[in-house]
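Structure record follows, encoded as structure tokens.
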Amino acid sequence: QVQLVESGGGLVQAGGSLRLSCAASGSSFSILGMGWYRQAPGKERELVATITNSGSTNYADSMKDRFTISRDNAKNTVYLETNNLKPEDTAVYYCNTRAVLWSDRRAHDYWGQGTQVTVSS
């Protein structure tokens, strides 16, 4: 089993920044990659960024100029640095990990509960 806990969300003024964190915990699993997604009210969940355990990153085109994803492999933790936040960035941000349980050769996706980011005008 894999559990993900996000933190770092909150209320921030436009132009500000937040650093989101997500820690994976559990036992008997190997992480292949981690990432961030977000979902605004009335909209579909969308990709923000992902990072593999080797450090390869992937960003949504609309995010790459302001957001930065990083990872601490020793802590099984992924971070999202957000800069120059805009009201349009208001959403619940979800942590994701792709992991393989040692008892199962297949990879599965796991999700955290989400952390709210609210950007005021």
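The values are calculated or read from the model by the stated rules, or taken from the named source; none is laboratory data. Since we're looking at a predicted model, the values are computed, not measured. Reconstructed Cβ throughout: ideal geometry from the backbone, glycine too, with neighbour counts over all protein chains shown. The accessibility values were calculated without ligands, DNA or RNA, using every heavy atom of the protein model including side chains. Shrake-Rupley method; radii C 1.70, N 1.55, O 1.52, S 1.80 Å.
When each pair of different Cα atoms in segment 1-111 is counted once in the 1/r mean, what is the Kirkwood radius in angstroms, to one decimal?
14.4 Å
Identify which of 35, 55, 26 has the largest mean-square fluctuation in a Gaussian network model of the chain, with springs joining Cα atoms closer than 10 Å.
26
Where does each of 65-72, 104-111 land if you order them by average Cβ count within 10 Å, highest first?
Going by the mean number of other Cβ atoms within 10 Å, highest first, we get 65-72, 104-111.
Take the chain, connect every pair of alpha-carbon atoms lying under 10 Å apart with a spring to form a Gaussian network, then pick out the residue of 80, 101, 47 with the largest mean-square fluctuation.
For the chain, modelled as a Gaussian network with Cα springs under 10 Å, the answer is 101.
Please report the carbon-and-sulfur percent of the accessible area for the chain; probe 1.4 Å, protein heavy atoms only, DNA, RNA and ligands left out.
46 percent
About its Cα centre, how strong a charge dipole does the chain have in debye, to the nearest 20, once Lys and Arg get +1 and Asp and Glu get -1 at the Cβ?
Approximately 180 debye in magnitude.
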